[in-house]
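To start, the structure under review is shown below, and the notes come after it.
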Amino acid sequence: MTKIKTLADLKKMKEELQTKVDLREKGDSAENYVQIKVGMATSGIASGAKQVMDFLIEALEKRNIEAVVTQTGDMGYCFAEPTIEVKKPGEEPIVFGYVDMKKADEIIEKYIKLGELVDGIIPVNYQVIDDK
Amino acid sequence: MNTISMHILDIVQNSIRAKATLIEISIHENRVKNYIEIVIKDNGEGMDTELLNHVTDPYTTTRTTRKVGMGIPLLKHSAGQANGYLKIYSEKGVETSVQVTFQYDHIDRPPLGDISGTIVLLVAANPDIDFKYIHEVNDNKYEFNTCEVKGILENVRINDPKIRGMLKEMINENLSELYVI
């Protein structure tokens, strides 16, 4: 297969793919997907948020889980970077800290697939010293 | 922050937080004059002179979640180590641009890193923002523009995992050609 190089190649590949598989359309509501936000401020990037994000996208795609992975700014948990927020359809979002690739894999397998909670959750009522 | 790509990923977060709708990332590698220059320009809310004067101070941040901001100071430090400099121009309500240079062959210049991955990540993670990415190596130039890409994708999401793969391949193919003399 020739590689995609020009915009025309991209158009061709997209059309080819569209006939074979469902590509996500803009109109689809994100509510129906698992939504993951990766904390990507200086602290997140420095501790490997980009690799975690790449891993999440690849792994979710391979395991056929409908998900949208986006980035967000700092969540205020710099000590626990990389942090990710996972929101399953119809559920409250949960923030996980210290997410490396191994942890990300565990989150997909246990929390996203089976609904089991895993270690590393940062509770919503977690207080930092500035709040006091 | 051990690559230039990671710094770019970081600095662009400032543009996103400044509510930019168009972000332009240009990289110019000039091996003849021995420098690499990166300019990140956005049409976000901009900064006033007072903030601009303090922005390279690590204890300056506009965020409310904590009191320090290391993005700009780290990049400035990195440029300084490689015989380069960092300059910021901004006009409140109009635009901001961050310009940073490094001596190309300086031993302390960070490598470029995974630039195609970084661009695709930014584009896919912020589907509502338009990105322009211009990469020049000496006289060779490649330009990637999400306005054009979105036009071609029509109703398909730019952050679909399969589309991401395609975009990365497209950028890589064009980049590899830039380095052919």
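Checking A:G76, A:G39 one by one, the residue that is crowded, with 19+ Cβ neighbours inside 10 Å, at positive phi and within 14 Å of another protein chain (Cβ to nearest Cβ) is A:G76 and no other. May I ask you to list the residues in the stretch B:96-117 that are in a strand (DSSP E or B) and either in contact with a helix residue (DSSP H, G or I) (Cβ under 8 Å, 6 or more places away or on another chain) or at pLDDT below 90 (or both)? Residues satisfying the conditions are B:T96, B:V98, B:V100, B:T101, B:F102.
Being among the basic types (K, R) and surrounded by fewer than 18 Cβ atoms within 10 Å (Cβ to Cβ) is the filter; apply it to the stretch B:133-161 and report the residue that is farthest from A:D22 (Cα to Cα). Only one residue fits best here, namely B:K141. Residues that are touching a strand residue (DSSP E or B) at 6+ places or on another chain (Cβ under 7 Å) and under 17 Å from A:I57 (Cβ atoms) within the stretch A:89-102 comprise A:F96, A:V99, listed in sequence order.
Checking A:L17, A:L10, A:L60, A:L23 one by one, the residue that is facing chain B (nearest Cβ under 10 Å), in contact (Cβ under 8 Å) with a residue 12 or more places away in the chain and over 30 Å from B:P58 (Cβ atoms) is A:L60 and no other.
B:I72 falls short of the stated requirement of being in contact with a Ser or Thr (Cβ under 8 Å, 6 or more places away or on another chain), more than 18 Å from B:P58 (Cβ to Cβ) and touching a residue at least 40 places away in the same chain (Cβ under 8 Å). In the set (1) without any contact (Cβ under 8 Å) to a residue 12 or more places away in the chain; (2) within 30 Å of B:V55 (Cβ to Cβ), the condition left unmet by B:L112 is number (1).
The values are calculated or read from the model by the stated rules, or taken from the named source; none is laboratory data. Treat the numbers as computed from the prediction; the structure is a model and nothing was measured. No Cβ is skipped: glycine too gets one built from the backbone with ideal geometry, and neighbour counts run over all protein chains shown.
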